[in-house]
Amino acid sequence: MAIEKKIDIPIESSLGHLAYGDLIFERWRALKKKNNKDINFE
Amino acid sequence: MNRKKLLLIGWDAADWKIIGSLLKSGHMPALKSLIDRGVYGNMSTLNPPYSPMLWSTVATGKTPDKHGVLGFVEVMPDMSGVRSVTTNSRKSRAVWNILHNQGFTSNVVGWWPSYPAEPINGVVVSDKFQKVSADPKKQTPIEPSTIHPQNMKDELKDLRMFPFEITKEHILPFFPLANKIDQEKDKGLKSFSKIMASNVSVHNAVTKLLRTTDWDFTAVYYDLIDHFCHSYMKFHPPKLDGITSELFEIYKDAIYGAYRFQDMMLARKLELIDADTTVIVMSDHGFESGYKRILNMPSVQAAPALEHRQFGIFVAAGPGIKKNEKVFGLGLVDIAPTILHHFGLAIGKDMDGKVLSEIYKDRITPTFVDSWDKLKGDFGEIEKEEGSSVLSDSEAMQQLIELGYIDSLDEDKEKAIFKTQSDLKHNLARVYLGQRNFIEAKKILNDLMNEDKLEEKGPVLMDLISLSIKSNEFLDAKRYLEDLKKSKTKVRYNLFFPESDILLGLGQPLKALNILESQKSKRNSGELWFRIGRLHYGLRNYDQSKEAFSRAIEIEPDKAQYHRGLAETLFMLKDYESAVDHSLTSIELVKNFPSAHYILGRSLEKLGDIENARLAFQTAVRIKSDISEKAKRAIENIEDKRNISLKLSNKTTNKFIENQIVIVSGLPRSGTSLMMQMLESGGLDILTDNKREADISNPKGYYEFEPVMSIHKDNSWLATAKSKTVKVVAPLLKYLDPKYRYKVIFMKRDINEVIQSQRKMVGKNIDTVPLKLFNAFHNQLESIDIWKDTEPGVELIYVDYKSLVDSPEEAIKQVENFVGINLDKSQMITRVDKSLYRNKPQQSSVD
């Protein structure tokens, strides 16, 4: 993936959804699916 | 009913060295909350520190030779190939099998190994679940047996994260300069994506199960920290010389990031459990983060494990567990017994661990069963495979290859199978070596050496060298070392440590020291300075050993044995207060360190603090080790000192001790045989086999006992010497077992006379005295004088040979008092034959 510039993002804010586990992951996945229709998640 | 739930969380490779600074800066609040309401300590690993072995030990309470998981890979039962290790390799029941049998419900997520999933009460999400393809175009279906029960597959399948789902927002917190990474050449981000996705999958599964299932026990395993360490620890501050500034700047925050993310995941799990659920967070080993980091891994199997540190972490909190207290002496084998005890179940007597009683506020009383493995019944186990080709684990294998744990497999299946079998055998030998079971280890290593098909024998030879040194077979070690140098091994070994060990073992401490000294300018290593310190200590160069141990401590201040070494040196330098300080530091670092307690006791005794000295000795006795017997004797001496007036410098109590062993010693040709004859005539029971017959040099016999000559290898025969008298020449005294009480009658004779007598015996010119020999004998006598003072089980008197011959009555009285037994003095006198004193002092030249 392309990353253009230096960005400081605190771990707590940027990874909070992953650390939260299944509940938010499923919602995040749903959003992701909308934007990545080519990806086959089985 | 109030259920006693327990959540076990495995963080592979988590290390206090990194956690310590993150706790201080407030970046691991979840772990901190557990420590505040629980206990914490070092978790001691096993050798070799290979994770599937170690996590199987955690699950079973048994060492790898018993549970059977011996490496990262296994040969398929039908011999059709090699695959990453599975539940099939485990020969012993895990705690979740036992809990199943006893009616408890467990969730097991990501455990290594746990595929195929076992059919227990509860849910098993095996370690195959999170291993997916990095290629979006490749399907990665969940295979049968990945999850138990099968109907959970639908609920869990969408919780797997794929590496290609990782976004910039996930990457940038770890690597703010990720824009500078040339992703064509540098695969750093690719590794990151795989590790993150895999651990998020595990986390999603466990959070789902914690939320939605009814459970007693949940175990979850994350490899996040370990895999981050293998990929990025080389970039962690302080910057290593071999790392470019650019790469350092890009990757330097990765390790802290991994720990912080791991802590965030912990926080979420703590939200999902009841307040009275017991929680254990632990790792299987630590990870080098200082100067011992390796930039160029040698090409040996499981090379990355060379960076694993001996101590991992342990934190536990819950009802009945102490609060904010450090606990000591924890081992991986202790986890399964502690879990069983938590659920009120019996501990298998065949388990190698114990219940961690120290973590509990109240005294506990574990119960026992002979063996859970031998009980019949439903333990929720898989049927072990007879043969299978359905397993396709290319993703798991690929991950192991990328991490460097295994080489790319040989396309030739037979070769791959042979290599795997050899590696597993070698690992088993290393397990035995770690247990000091040298006989079994040697058998396997010799088999491997005799295997013509095994191309790389360097690692086997290195273990044979190490084994031979540990079992005091120094000539064998030397031979193996020469074989290694001649071999065509592709691995570059640093041989100066084994070389110096061998030289020391062969009685050449100065040469051993020279080898180590030659490395001083080349490497700044605590271990090197420590070894130099030990050699100087052995040579009684206490000022130099003080300096060397101090240097070792400067480099690595948290090594308990370095402080112990310095404490021993300071004791010899009579700086008892500083010796106490360093013994205490040593104990602070490793509480169950018997020799540190012992030197603490000796130093306190010298300072007159008898009560605390006794406590220190008692602790040294309690922790089973080589030193416990010495400590027992030291306590007895303290008791004696309280009961009778005695100057310690005497080293005699002049009282009979039950089962005492009377030893007659001295330099060869100093009158030891004469003393043996006298004691026999006096009525003492003599231990001799009369194998060495009388001759002109000793016309009345030598009074020797053959096993004495090999006492350095086997001193078990001393049990038969109780209440008897035996002759042991001076250099062998140090091999006496500290288990027993000894009365040593040490024959002293002018060294010139001793040498003349010896030279006469072998037909050499007696007019010259070799200077080297003179010095060697002088040193030996000096070391005996120190030895007697350092051995609490030893009392020793010197009997002068000339005085014995000239006025035997006085010497006999001294001996009678010393052994505390009435002797037939008149018979003893008849044995003194003045004709034996024929090598009287003559004017000699010293050459």
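Just so it is clear, none of the values below were taken in a lab; they were calculated from the coordinates. Computed from a predicted structure; not experimentally measured. Virtual Cβ from ideal backbone geometry, glycine too; neighbours counted across all protein chains shown.
At a glance:
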{"read-out": "Order of B:S133, B:S468, A:S13, B:S283 under a 10 Å beta carbon neighbour criterion, fewest first", "value": "A:S13, B:S133, B:S468, B:S283"}
{"read-out": "Cα-centred dipole magnitude for region B:706-762, charges only on beta-carbon of K, R (+1) and D, E (-1), debye, nearest 20", "value": "180 debye"}
{"read-out": "Distance histogram for region B:192-271 (every C-alpha pair counted, 10 angstrom bins, percent rounded to whole numbers)", "value": "17, 41, 25, 12, 5, 0"}
{"read-out": "Per-residue mean of C-beta atoms belonging to partner chains within 10 Å, peptide B:160-172", "value": "5"}
{"read-out": "Only Lys, Arg (+1) and Asp, Glu (-1) charged, at Cβ; region B:406-493 dipole about Cα centre in debye", "value": "400 debye"}
{"read-out": "Residues of type aspartates and glutamates that B:K187 reaches as a straight line, Cα spacing below 13 Å, ignoring anything fewer than 8 places off in the same chain", "value": "B:E402"}
{"read-out": "Helix B:438-449 axis, angle to chain B major axis (alpha carbon atoms, nearest 10°)", "value": "70 degrees"}
{"read-out": "Lys/Arg +1, Asp/Glu -1 at C-beta; the protein assembly as shown dipole; positive extreme among B:A303, B:I166, B:P509", "value": "B:P509"}
{"read-out": "Descending principal axes extents, region B:233-286, alpha-carbon based, whole Å", "value": "49, 21, 11"}
{"read-out": "Lys/Arg +1, Asp/Glu -1 at C-beta; the protein assembly as shown dipole; positive extreme among B:Y798, B:L687, B:V662", "value": "B:Y798"}
{"read-out": "Nearest-ten-degree value, helix B:560-572 long axis tilted from longest Cα axis of chain B", "value": "20 degrees"}
{"read-out": "Cβ charges +1 (Lys, Arg) and -1 (Asp, Glu), total dipole of chain B, debye", "value": "1620 debye"}
{"read-out": "Dipole of region B:406-493 [Lys/Arg +1, Asp/Glu -1 at C-beta], most positive-end residue of B:L484, B:L454, B:F474", "value": "B:F474"}
{"read-out": "Trypsin sites (Lys or Arg not before Pro) restricted to DSSP loop in region B:516-602 with at most 14 other C-beta within 10 Å", "value": "B:K520, B:K522, B:R523, B:R540, B:K574"}
{"read-out": "Share of alpha-carbon pairs per 10 Å distance bin for region B:6-396, given as whole %", "value": "5, 23, 34, 26, 10, 1, 0"}
{"read-out": "Least to most buried among B:S757, B:S21 (fewest other Cβ within 10 Å first)", "value": "B:S21, B:S757"}
{"read-out": "C-alpha long axis of helix B:672-682 to longest principal axis of chain B, angle in °", "value": "80 degrees"}
{"read-out": "Cross-link pairs B:K413/B:K442; B:K349/B:K559; B:K522/B:K713; A:K32/B:K138; B:K66/B:K425 - those with Cα-Cα distance over 24 Å", "value": "B:K413/B:K442; B:K349/B:K559; B:K522/B:K713"}
{"read-out": "Cα-based convex hull volume of region B:406-493 per residue, rounded to whole Å³", "value": "98 Å³"}
{"read-out": "Likely footprinting exposure, B:F705, B:F72, fewest C-beta neighbours within 10 Å first", "value": "B:F705, B:F72"}
{"read-out": "Three semi-axes of the equivalent ellipsoid, the protein assembly as shown, Cα gyration tensor, whole Å, largest first", "value": "61, 29, 26"}
{"read-out": "Directionally averaged shadow of region B:68-218, computed from the convex hull of its alpha-carbon atoms, nm²", "value": "11.3 nm²"}
